[in-house]
Amino acid sequence: MKKLALISDVHGNYKALEAFLEYIEVHPVDGIICLGDYVTDSPYPERTMELLYQMRKEHECYMIHGNREDYLLDNVGNKAGWKPSSANGTLYYTLQHMRPEDFAFFKSLPTERELRIQGCPVLYLCHGTPGRVRGNVHEEEGLKEKVLKELPYPYLLGGHSHHQEIDSMYGKTYINPGSLGFAVDNVGRHAQFAILTGVSERWEPEFLSISYDVDGYLRVFTESGVDDFGMVLNRAIKKSLVTGVNYFYHCILAMEKEAKEAGVGAIDQMPESAWEKLAERFGL
């Protein structure tokens, strides 16, 4: 019998990652599967990176990267012109805190991979869906059914949606551990992950939700200066952490709609005044 921890979507929440690592010290596992989106949207991303490097030294880790790592790798040197703003300020802040070794680490990770554990069914790891790092089975109707029908593996592990989920069809099983650092559970103040127990013919998932020092983490947003970079979306992130409601995603969707109505090509071309009105609308 094998036992693996499954995490995804840390989003730079080093307090949640610390709580997870403390949990597995008390409840040991044979390895840790990590599905990407390790940083961005947070203060002091270097603290998250140090914890990841420590985790890899102390545990067997099976890692891939997510869309957030893609954003950073595609913008080394800030070719896209990110700046302090509600649209991309938190990305800009993270970019400034990344070191060459961090970029090299992200680049070394695949976007998806198969995982074979002796004596257990094969697993396929992706961040969103196979072939689409941002594929969201929670938001895109019919996507999960299509993916599982075509999947040549018995188990698919995916993240990105921030929703804990298990579903089976066509003789295959999809498992999403939720988000370790940005849980969307309509409760808030929790870190989500899963423990997979493998036997000869199946993997049995246990979904977990543990508390961490949310208040301490929120205080660091101001101390670190990231609030001055991310503006309205930073406020959305903090309200999301407390409530478990994805205000970040709701704000992005609302601003995309406003940008389209205004005939503007992208949300980063919308003025901060429009973002502030959106903040009033969502009570940020």
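The values are calculated or read from the model by the stated rules, or taken from the named source; none is laboratory data. This one's a predicted model, so the numbers in the text were calculated from it and none came from an experiment. All Cβ positions, glycine included, derive from the backbone under ideal geometry; neighbour counts span all protein chains shown. Calculation scope for accessible area: heavy atoms of the full protein, side chains included, ligands and nucleic acids excluded. Shrake-Rupley method; radii C 1.70, N 1.55, O 1.52, S 1.80 Å.
Remarks
- Residues of region 111-231: accessible area per residue with a 1.4 Å probe, Å²: 45 Å²
- Furthest towards positive pole of dipole, 231, 284, 77, structure part the chain, Cβ charges: 77
- Extension gain (nm, one decimal) between residue 273 and residue 56, 0.36 nm per residue minus Cα-Cα: 73.8 nm
- Cross-link partners of residue 3 among aspartates and glutamates, defined as those whose alpha carbon lies under 19 angstrom from its own and excluding same-chain residues fewer than eight positions apart: 22, 25, 30, 58, 60, 114, 165, 201, 204, 206.
- Angstrom value of the Kirkwood radius, inverse mean 1/r, which spans all Cα pairs in the chain: 19.3 Å
- When a 1.4 Å probe is rolled over the protein heavy atoms, the share of accessible surface on the chain that falls to carbon and sulfur comes to 48 percent.
- Diffusion of region 1-71 by Stokes-Einstein, at 4 °C in a medium of 1.567 mPa s and with Rh set to the Kirkwood radius over alpha-carbon pairs, works out to 105 µm²/s.
- Per principal axis, descending, Cα span of region 145-248 in whole Å: 50, 26, 21
- Region 164-180 and region 228-284 have Cα centres separated by 30 Å.
- Computed FRET value (nearest 0.05) for residue 73 with residue 228, which takes r as the C-beta separation and R₀ as 35 Å: 0.90
- Förster radius 25 Å - calculated FRET efficiency between residue 107 and residue 250, Cβ distance, rounded to 0.05: 0.20
- Here the convex hull built on the C-alpha positions of region 1-157 has a volume of 125 cubic angstrom per residue.
- Between residue 202 and residue 242, full extension at 0.36 nm per residue minus the direct alpha carbon distance yields a gain of 10.8 nm.
- Using the alpha-carbon positions of region 197-258, Rg (one decimal) and Dmax (whole number) come out as 17.3, 52 Å.
- Electrostatic bookkeeping for residue 13 treats Lys and Arg as +1 and Asp and Glu as -1; over the other residues with beta carbon under 11 Å from its beta carbon, the sum is -3.
- Checking the Cα-Cα distances for 149/172; 257/277; 144/260; 144/172; 144/239; 15/239 against a 19 Å cut-off, the pairs over it are 144/260; 144/239.
- Diffusion of region 95-201 by Stokes-Einstein, at 20 °C in a medium of 1.002 mPa s and with Rh set to the Kirkwood radius over alpha-carbon pairs, works out to 141 µm²/s.
- Accessible surface area normalised per residue over region 20-69 is 37 Å², counting heavy atoms of protein chains with a 1.4 Å rolling probe.
- Converting phi to 3J(HN,Hα) with the Karplus coefficients 6.51, -1.76 and 1.60 and the offset θ = phi - 60°, region 131-140 yields x, 9, 5, 9, x, 10, 6, 7, 9, 9 Hz in sequence order, with x at every glycine or proline.
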